[in-house]
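Single-structure report; data block below.
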Amino acid sequence: MTYLFKRIYRRIMRAEARFFKSLADETRLKILWLLSGVEELCVCDVVGALGITQSKASRHLRYLFNLGWVTDRREGMLMNYRLCVPPGSPGEKQLKLLAEIFAPHPEAQALRARLQDWLEKKRQAKVKDAAANPVDGSIRSSAY
Amino acid sequence: MKSEARLFKSLADETRLKILWLLMEKEELCVCDIMGVLGITQSKASRHLRYLYHLGWVNDRREGVWMNYRLSVAPGSPEDKQLKLLADILGSRPEAQALKDRLEQWLSAKIETTEAKDSAAAACKCS
């Protein structure tokens with residue numbers, strides 16, 4: 001084996017290894033699974049549904065952002081994330097396969113149910129808040 | 001979802017990806033083939049192959065002092081679909097194709113050496 005060959009071919013699959021490394025974590029898999037069921041999620045939704053700390057949720061979401069899995073949108077103090085894989089890309093195919101693997105998984109289904117519960121609770125709290133303080137409520141909802 | 005994370009962790013390494021890519025091309029490969037084609041040490045090749053063995057990606061078969069490995073994923077299983085997706089992703093990469101050419105060169109050189117050794121042994125017996 002020549003030195004040149006080694007230098008060129010050592011890095012062949014580095015990008016692919018990095019791609020799979022982004023999936024080699026339970027929390028990141030869960031976040032991707034939750035995001036593939038809804039349009040957009042706030043960091044607080046991930047915190048509520050997974051029962052993890054805000055710093056852990058943000059760290060994993062930034063990791064997914066840097067690898068190009070998600071895009072972000074700031075809304076007041078909180079960050080919102082949504083999936084951004086172009087159709088036909090390896091990422092999109094991988095997400096489809098992941099959805100196929102998780103579909104019969106009871107743990108994965110329970111996680112989605114928990115997210116729905118969380119979103120419903122959040123919606124109700126917002127309605128109650130707006131009813132209690134009509135003026136203040138509108139300011140607060142735009143701030144959050 | 002821990003087992004799925006473990007599955008992806010087994011793919012999160014360049015050497016293991018290369019080994020799976022080579023095994024998709026040939027039915028069975030010896031540890032020495034992996035060493036020769038990838039230019040890695042025997043301990044590194046064996047370590048990664050054992051890792052893949054424990055996760056159920058490959059089966060082993062002993063032949064003398066060498067271990068042979070082949071893919072052992074059940075058709076239609078998530079692992080099988082994952083391998084197909086991997087082949088799809090890597091298929092468009094010229095570098096990955098070059099690695100397969102290198103495997104062909106290595107295997108034909110190995111056959112020539114074995115034949116030369118056999119004929120030398122035969123000549124020795126005749127005399």
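Worth pointing out:
- Electrostatic bookkeeping for B:LEU49 treats Lys and Arg as +1 and Asp and Glu as -1; over the other residues with beta carbon under 15 Å from its beta carbon, the sum is +3.
- The calculated P(r) of segment B:2-126, using every Cα pair and 10 Å bins from 0, goes 11, 41, 31, 11, 5, 1, 0 in percent.
- Dipole size of the protein assembly as shown about its Cα centre, with +1 on Lys/Arg Cβ and -1 on Asp/Glu Cβ: approximately 780 debye, rounded to the nearest 20.
- Each residue of segment A:108-122 was assigned a 3J(HN,Hα) from its phi angle through the Karplus curve 6.51 cos²θ - 1.76 cosθ + 1.60 (θ = phi - 60°); the sequence is 5, 5, 4, 5, 5, 5, 5, 5, 4, 4, 4, 5, 5, 4, 5 Hz, with glycine and proline shown as x.
- Each Lys and Arg Cβ is given +1 and each Asp and Glu Cβ -1; about its Cα centre, chain B then shows a dipole of about 460 debye.
- Helix B:42-54 vs. chain B, principal-axis angle (Cα, 0 to 90°, nearest 10): 50 degrees
- Estimated from helices alone, the mean residue ellipticity of chain B at 222 nm is -23000 deg cm²/dmol (sum of -39500 (n - 2.57) over DSSP H runs with n ≥ 4, per residue).
- Charge dipole (chain A, unit charges on Cβ, about Cα centre) - positive-most of A:MET77, A:HIS105, A:ASN66: A:ASN66
- A simple count of charges around A:HIS60, restricted to other residues whose Cβ falls under 12 Å of its Cβ and scoring Lys, Arg +1 and Asp, Glu -1, yields +3.
- Separation in nanometres of the label points that stand 7 Å from Cα toward Cβ, at A:GLU107 and B:GLN42: 3.9 nm
- Evaluated at q = 0.14, 0.21, 0.27 Å⁻¹: base-10 log I(q)/I(0), Debye formula over Cα of segment B:27-85: -0.40, -0.83, -1.13
- The distance between label points at A:SER58 and B:SER72 comes to 4.6 nm (points 7 Å beyond Cα on the Cα→Cβ vector).
- 3J(HN,Hα) along segment A:47-59: 4, x, 6, 8, x, 10, 7, 5, 5, 5, 4, 5, 4 Hz, from the Karplus curve 6.51 cos²θ - 1.76 cosθ + 1.60 with θ = phi - 60°, whole Hz, x for Gly and Pro.
- As a ratio to 2.2 N^0.38 Å, the alpha-carbon radius of gyration computed for segment A:17-130 takes the value 1.07.
- Shielding of A:14-25 by partner chains, average beta-carbon count, 10 Å: 6
- Each peptide among B:82-88, A:24-30 gets the average number of other Cβ atoms lying within 10 Å of its residues, and from highest to lowest they stand as A:24-30, B:82-88.
- Take each residue of peptide A:94-103, count the partner chain Cβ atoms within 10 Å of its Cβ, and average: the result is 3.
- Overall, segment A:17-130 carries a charge dipole of about 240 debye about its Cα centre when +1 sits on the Cβ of Lys and Arg and -1 on the Cβ of Asp and Glu, all other atoms neutral.
- Relative contact order %, chain B, counting alpha carbon pairs below 8 Å whose residues are six or more apart: 23 percent
- Over 23 Å [Cα-Cα, the protein assembly as shown], rounded percent: 62 percent
- Axis angle, to the nearest 10 degrees, between helix A:134-143 and the longest C-alpha principal axis of chain A: 10 degrees.
- In degrees, nearest ten, helix A:90-102 long axis to first principal axis of chain A (Cα): 70 degrees
The numbers here are math on the coordinates, done by the rules we state, and not lab data. Computed from a predicted structure; not experimentally measured. No Cβ is skipped: glycine too gets one built from the backbone with ideal geometry, and neighbour counts run over all protein chains shown.
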